[in-house]
Structures are given as C-alpha cells and as structure tokens.
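See structure below.
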Amino acid sequence: MERVSTGIEELDSKLSGGYPKKKVILITGVAGSGKTIFGIHYLYRACQEGKKCVLIATEETPEDILQQARMLEHDLEPYYEKGQLIIERVFESRTERIEETRYGFKPEGLDLELPYLAELVPEGTECVVIDNIGVFTIRLSVRKLRDEFDGLSHILMKKGCTVLYIMDEAAYNMTNQLAEYSAYGSIRLLVKENSYLGKMERYIYIPKMRSTPVSPYTSVFEISSKGIKIKASGDSEIIG
Ligand SMILES: Nc1ncnc2c1ncn2[C@@H]1O[C@H](COP(=O)(O)OP(=O)(O)OP(=O)(O)O)[C@@H](O)[C@H]1O
Ligand SMILES: [Mg+2]
C-alpha cells in the first residue's frame, strides 16, 4: 500500500512509511493534547513535497494557524500565500449565519451536512485536514453520523485525498466513538501523569491502522519549539 508521510519521522516508521494513501485517519485527544500540531506536521511535509493541501478549520483563524506553525518551525505561510495550501474558515461562515438568522433564530440554521465539506476541496488536492470535525457531529444521531461520515470520506477518497479528521474528545465520546469504526485508522493522543516521574506526559497510541502492523503500546511524545518528537523508549506501558 502506498503511504503519505505524516511529517513526523518516528510516526512514519511506526506506520510503515506514513498514513495509508487515499484513506481517512482519525486523530482524537483531549484539549491541548497536540491534535492540531499533528495536522500542521502533515500539511507542512505535504506542502514541501509540492502537494496541494486543504485545511478546513472550525476553531482557529488562518492567522492563528499560520502563527502556530511558524512558532514550531513549520512555516506554512509561503504555501498559503501561493495558494498551494487552502485554509477554509468554516466556523466563521457558521457565525455569520447565526448573525443573519439572529431575529428568526432556528437551531437548524447551524446544520451543515458533512458531505458538503467536500465541496471545499478542489480537484487535484492530495492532502486534507479537517480540524475539528467534532463540531459537525454532536448534533447527529448515531445512524446519521455514520451515514454522513461515510459519505464525506467516500467523496474525499474518490477525489484522491489522504484525509485527517481531527476530533475533540467530547464529540468523540458523545458519538460513542463511532468515528473510529468508520475511519481506516485511528490515533489517540493522551495526557497522563507518569507516576514514576511524578509529572504529566503526552502519549500517542494507535488503536487501529488497517493494512499496517502497529504495536499495541503507547509511546511518549514531546512538543518543543521544533514541533512533535516521539520518543522510542516509551514503548513500554499500556494505557487503558
Ligand atoms: N513551542 C512549544 N513548546 C512546547 N509546547 C508547545 C509549543 N507550542 C505548543 N505547545 C503545546 O501544544 C499544545 C497545543 O497543541 P494543539 O493546539 O495541537 O492541541 P489540540 O489538541 O489541537 O488542542 P485543542 O483541542 O484545544 O484544539 C499546548 O497545550 C502547548 O502546551
Ligand atoms: Mg486544536
């Protein structure tokens, strides 16, 4: 199976070269666990390789994301400027719609069918990140969620995209972790106390990656001014 680099060397080696090409991978984790930064690494590498990329962002403005990327020495701005990386601000259009419907406010006005997001992805795009897909799923029934998730994934894969769905922990739990069944692979980020060292540490765990042998162990990772670094020595403890 062909692979697309995750932009993180150690993760590429864990995944036999990278994310499975033209598939959908889910990244979940608590607030501040590093989800968006995983997305930044992925996009940066893809941009360096000349691939067309789309980031659909619901929580942060392009300026916030570009600044965060620059601070991690993964400057996305040149690619954004020349249009190789498109950053779509879905949240803003959502807020505008709330504003428009202020006087006749209908909660359905916020609804956006997930497959619609595929329209934001032009032909020829190879890498897509949706951060945070959780804002679209909380309102959905379990059955509808599965349909919409599969619908969007199907369209994006048909377009030839390798996709990262980033989902916050609350949405992940409220939807009974259903997204994990639907996705081709799943990566969980955790922040937990290391009782031996008496300090909080970041952990990455790969519960599922089809067509890829992965170890069922967690690894410790760190975030520094250069971004994410996964430590090899962390392959020792199972996190439940
Ligand atoms: N230069 C840096 N050095 C060390 N840690 C950093 C640096 N930049 C960011 N971080 C850490 O990264 C974390 C944020 O990562 P990120 O934004 O990817 O989290 P997230 O999982 O997307 O959070 P949210 O759920 O709020 O969107 C912060 O909590 C911060 O501690
Ligand atoms: Mg984030």
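Quick notes on this one:
- For the stretch 3-234, the residue among 79, 16, 165 whose Cα projects farthest onto the positive side of the dipole built from Cβ charges is 16.
- Relative packing of 136-148, 191-203, which averages over residues the other C-beta atoms within 10 Å, highest first: 136-148, 191-203
- Checked against a 25 Å cut-off, the cross-linked pairs 22/52; 22/231; 159/229; 192/226 give Cα-Cα distances beyond that limit for 22/231; 159/229.
- Packing rank of 176-189, 205-218, where each peptide gets the mean count of other beta carbons within 10 Å, highest leading: 176-189, 205-218
- The stretch 3-234 - convex hull of alpha carbons, volume per residue in Å³: 130
- The GluC sites (Glu not before Pro) of the stretch 11-81 that DSSP puts in a loop, and whose beta carbon has at most 13 other beta carbons within 10 Å, are 49, 73.
- The helix-based estimate of mean residue ellipticity at 222 nm for the chain, built from -39,500 (n - 2.57) per DSSP H run of four or more residues and divided by its residue count, is -9000 deg cm²/dmol to the nearest 500.
- Phi angles across the stretch 36-43 convert, under the Karplus curve 6.51 cos²θ - 1.76 cosθ + 1.60 with θ = phi - 60°, into 3J(HN,Hα) values of 4, 5, 4, x, 5, 4, 4, 5 Hz, Gly and Pro given as x.
- Theoretical FRET efficiency, 1/(1+(r/R0)^6), r = Cβ-Cβ of residue 229 and residue 208, R0 25 Å, to 0.05: 0.60
- Additional length obtainable on full extension of the chain from residue 70 to residue 10, 0.36 nm per residue less Cα span: 19.5 nm
- Counting neighbouring beta carbons within 10 Å and listing from fewest to most, the residues 87, 228 come out as 87, 228.
- Antiparallel %, DSSP beta bridges [both residues in the chain], to 5: 40
- Estimated at 0.36 nm per residue, the fully extended path between residue 222 and residue 144 surpasses their Cα-Cα distance by 24.4 nm.
Throughout, read-outs are computed from the coordinates displayed, never taken from laboratory work. Being a predicted model, the structure only gives us computed values, none of them experimental. Please note: Cβ atoms are built from the backbone with ideal geometry, for glycine as well, and neighbour counts cover all protein chains shown.
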